[in-house]
1. Right, Ser486: in a loop (DSSP other than H, G, I, E, B) and either within 18 Å of the chain's Cα centre (by Cα) or acidic (Asp, Glu) (or both) or not?
2. Does Ser208 satisfy being in a helix (DSSP H, G or I), polar (S, T, N, Q), buried (at least 22 other Cβ atoms within 10 Å of the Cβ) and more than 16 Å from the ligand (Cβ to nearest atom)?
3. Identify all residues within segment 295-308 that are of a type outside the set (A, V, I, L, M, F, W, C) and within 11 Å of the ligand (Cβ to nearest atom); write none if there are none.
4. Within the group Tyr203, Tyr114, Tyr172, Tyr220, which residue is at pLDDT 95 or above, of a type in the set (Ser, Thr, Tyr) and in a loop (DSSP other than H, G, I, E, B)?
5. For Ser200, are the conditions met, namely being among the hydroxyl-bearing types (Ser, Thr, Tyr) and open to solvent by 10 Å² or more (accessible area, probe 1.4 Å)?
6. Any residue at all in segment 241-263 that's open to solvent by 10 Å² or more (accessible area, probe 1.4 Å), in contact with an Asp or Glu (Cβ under 7 Å, 6 or more places away or on another chain) and more than 30 Å from Arg76 (Cβ to Cβ)?
7. Being under 26 Å from the mean Cα position of the chain (by Cα) and more than 16 Å from the ligand (Cβ to nearest atom): is that true of Ile248 here?
Amino acid sequence: MELLGAVTLVLVIGLSCLLLLSSWRQRRGAGKMPPGPLPLPLLGNLLQVDLTNMRKSLLEISERYGPVYTLHLGPRRVVVLCGYRAVKEALLDQAEDFGGRGIQATFDWLFRGYGVAFSNGERAKQLRRFSITTLRNFGVGKRGIEERILEEVHFLQEALRGTKGLPFDPTYFLSRSVSNVISSVVFGDRFDYEDKEFLSLLYMITESFRFTATAWGQLYEMFSGTMCYLPGPQREAFKQLAGLEQFIERKVKANLESLDPSAPRDFIDCFLTKMQQEQENPASEFSLKNIVLTTLSVFFAGTETVSTTLRYGLLILLKHPEIEEKIHEEIDRVIGRNRAPSMEDRSHMPYTDAVIHEFQRFCDVIPMGLARRVIRDTPFRGYIIPKGTEVYPVLGSVLYDPSQFSAPETFDPGHFLDGNGHFKKSDAFVPFSIGKRYCFGEMLARMELFLFLTSILQHFRLRSPVAPQDIDISPKLVGFATLPRSYQLCLVPR
Ligand code: LZ1
């Protein structure tokens, strides 16, 4: 009995020391860090956040600790930035300092620091510059891509007419069309809407994105170190990401076998050519890993964000038929029924433009942005953030900042209109983030949102099988991503 007592005592003391040590390690060098809730050993601030709504939790904590605070996501020590001023002062005014990339644990399982979106340093720099230039060479931001989008619009119209006014879930209608625009750029061609492989790719994208929005996905952000070895929903997400990687690997191989450097067919060809040019350069980041994971980043980002925004947007219009009606009026007045919309129309359609901005503000598709990292010891608002510390720019807290929008919780296109019905810009419109690593798909996304939305509403009236007052436009999931509830839509030709 005495022996048992002694063993217990030693165990308890030993365990306490371990916990204290781990707690001390967490807070090491925290002297000049922003304040924040006291972390527990190992768990960090797990008990202070609601994994089903991180955006809300992060805002509630900022009411107590201010717009800049330190939060422990399990073992990750993260500086959280809330509200327009803090995010802008960091990401724009100290763009260089805050220009590193932090962790997105689910995606990092596959990316491991490679590819344009989730890399750092020289690698990120080379890949970003190459990606922007190459997208531009394929017409992104110019007439070329506008024509490609309008071509895709025709296929979408035809598919939508096929629903014959019956209720349907619009998810895959939208994602197939949106994805085909970026697919044309990265793979050189669109997919047929019935292509089984295409549908399985879209399923893999949608499902892995959905996982990041769930509470499990957020738990995984904290404990990826152990959870990646354990069974659970994260395994499904890994399977989907791995499936996407395998598809891109096959594409790269096929392109290589038929490559003609003098006539690049797509983004992959351009990357392969660059790889060959830089074969002798030991500092080159144009490697096999980076071609696969850069192509995948662009394909993934170019598919899921825009289609989620459109899907959410159409649901909002079902809730607010009076807003839909005003868009119809503006379309009829500016474009009419006999020609396709074009980007030139946008500047003559302030109401529609405001609605699209309000979609992006209200939907808040990536509420915490992609995590950043300070690349050096960074003085900020009297604190010193040590080099390498992760930073969460809470984009949702800017999009919902009450000092920037009169009624942030309400869907109101008036947030982007002045008293005369002219479009009114807002500095707090940051769905693409800002600063050194802002989303370079911004131009493409905004063109797609405008052209897809106007051409759907030019030809169809939206109807809901559910009465507008019974439609719930609050999100179904808020994590890394924000997702709308699923719904049925009817389209009536007009
Ligand atoms: C991304 C997004 C989501 C995931 C990965 C990259 N770029 C949105 N934009």
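The values are calculated or read from the model by the stated rules, or taken from the named source; none is laboratory data. As the structure is a computational prediction, the values presented were derived from the model and not from experiment. All Cβ positions, even for glycine, are placed from backbone atoms using ideal geometry, and neighbour counts span all protein chains on display. The accessibility values were calculated without ligands, DNA or RNA, using every heavy atom of the protein model including side chains. Shrake-Rupley method; radii C 1.70, N 1.55, O 1.52, S 1.80 Å.
1. So Ser486 fails the test.
2. No; evaluated as a whole, the condition is false for this residue.
3. Correct list: Ser297, Gly302, Thr303, Glu304, Thr305, Thr308.
4. Sole residue among the options that is at pLDDT 95 or above, of a type in the set (Ser, Thr, Tyr) and in a loop (DSSP other than H, G, I, E, B): Tyr114.
5. yes
6. Checking segment 241-263: at least one residue is open to solvent by 10 Å² or more (accessible area, probe 1.4 Å), in contact with an Asp or Glu (Cβ under 7 Å, 6 or more places away or on another chain) and more than 30 Å from Arg76 (Cβ to Cβ).
7. Criteria not met by Ile248.
Residues checked against (1) touching a Leu at 6+ places or on another chain (Cβ under 8 Å); (2) more than 19 Å from Pro321 (Cβ to Cβ):
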{"site": "Pro413", "(1), (2)": "no, no"}
{"site": "Asp427", "(1), (2)": "no, yes"}
{"site": "Arg437", "(1), (2)": "yes, yes"}
{"site": "Phe440", "(1), (2)": "yes, yes"}
{"site": "Met443", "(1), (2)": "no, yes"}
{"site": "Arg461", "(1), (2)": "yes, no"}
{"site": "Pro468", "(1), (2)": "yes, no"}
